[in-house]
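Data block below; observations after.
Quick note: the coordinates plus some simple rules give every number you see, no bench work behind them. Everything quoted here is computed from the prediction, not taken from an experiment. Ideal geometry is used to build each Cβ from the backbone, glycine not excepted, and the neighbour counts take in all protein chains shown.
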Amino acid sequence: MKILLVDDHKIVRQILKEFLVEKLQGIEVDEANNGVEGFNKVKQSYYDLIIADINMPQKDGIQMMRDIHAYDPNLKVVALSMMDDQVSIKKMLQAGAVGYVLKEGNTQELLNAIQIIVNGNKYFSPNVAEVIMSSLTKNKTRSSGVKLTKREKEVLQAIFEEKSNQQIADELFISPRTVETHKYNIMEKTGARNLAGLVKYAIREKLFDDLFY
């Protein structure tokens, strides 16, 4: 597996590179100092995954993500940033990022995120997932006409927190079978099949517009 680290802090790149080389067998890690250098490397070589900071000189991670997505929409990019504000999350996801990990987390979380993403799924740190969930469950009337019930919103919150059916059932004082029913209804209403589908739904229906308010 070949990974590109894009961050303007050299010490961050060095620490992450040493950690990834130690933990992931057969991995190759390249580095870039900013979005311009990162995009140039993408055009010169193939990467299985790109891990990028957002706030960088010359070209930030969001613009780099847009350039990468236009160049090759199949390339996987995950944001690794201290920025947990709603606007940054919205812009990075709309640009095509498949994950968003906060630097306030630990290296094990990043490792988990990498393994999840390279297997074709998406990953979001818990605080990021809360922002996405909050946007999804706004009470505004949508063009799609989709409205979730209060209980469905509670189940959706738990889904973003990666809780099991039994944990959700215990927390909401309902049966696991009822949890399954609520999950089915949420997926039917949104047309999603999993967490990644819910995020795509939010972007498609412009639910992230709420993040500016």
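In loop segments of segment 24-125 as defined by DSSP, the chymotrypsin sites (Phe, Trp or Tyr not before Pro) with at most 12 further C-beta atoms inside 10 Å of their C-beta are Tyr46.
Taking the charge dipole of segment 53-98 about its Cα centre, with +1 at Lys and Arg Cβ atoms and -1 at Asp and Glu Cβ atoms, the residue from Gly61, Gly96, Ala79 reaching farthest to the positive side is Gly96.
With an a/c value under 1.5 for the gyration tensor axes a ≥ b ≥ c computed over the alpha-carbon atoms, segment 2-123 is described as rounded. Here the simple spin-label model places points 7 Å from the Cα toward Cβ, and for Asn112 and Glu22 these points are separated by 1.9 nm. Along segment 187-192 the Karplus relation, 6.51 cos²θ - 1.76 cosθ + 1.60 evaluated at θ = phi - 60°, assigns HN-Hα couplings of 5, 5, 5, 8, x, 8 Hz to successive residues, with x for each Gly and Pro. Quick check on my link table: of Lys122/Lys147; Lys150/Lys189; Lys17/Lys103; Lys122/Lys163, which ones sit more than 18 Å apart, alpha carbon to alpha carbon? Pairs exceeding the cut-off: Lys122/Lys147.
Partners of Lys183 within straight-line reach, counting aspartates and glutamates whose Cα lies under 16 Å from its Cα and excluding those fewer than 8 residues away in the same chain: Glu152, Glu154, Glu161, Glu162, Asp170, Glu171.
Between Ile15 and Lys163, what FRET efficiency comes out of the Förster formula 1/(1 + (r/R0)^6) with R0 = 41 Å and r the beta carbon distance, rounded to 0.05?
Details: r = 31 Å, r/R0 = 0.77.
Working from the Cβ atoms, E equals 0.85.
Annotation for segment 19-88: GluC sites (Glu not before Pro) lying in DSSP loop with at most 12 further Cβ atoms inside 10 Å of their Cβ do not exist. In this structure, Glu104 and Arg177 have a Cβ-Cβ separation that, at R0 = 25 Å, corresponds to a calculated FRET efficiency of about 0.10. Remark: segment 1-71 carries a charge dipole of roughly 120 debye about the Cα centre, counting +1 on each Lys and Arg Cβ and -1 on each Asp and Glu Cβ.
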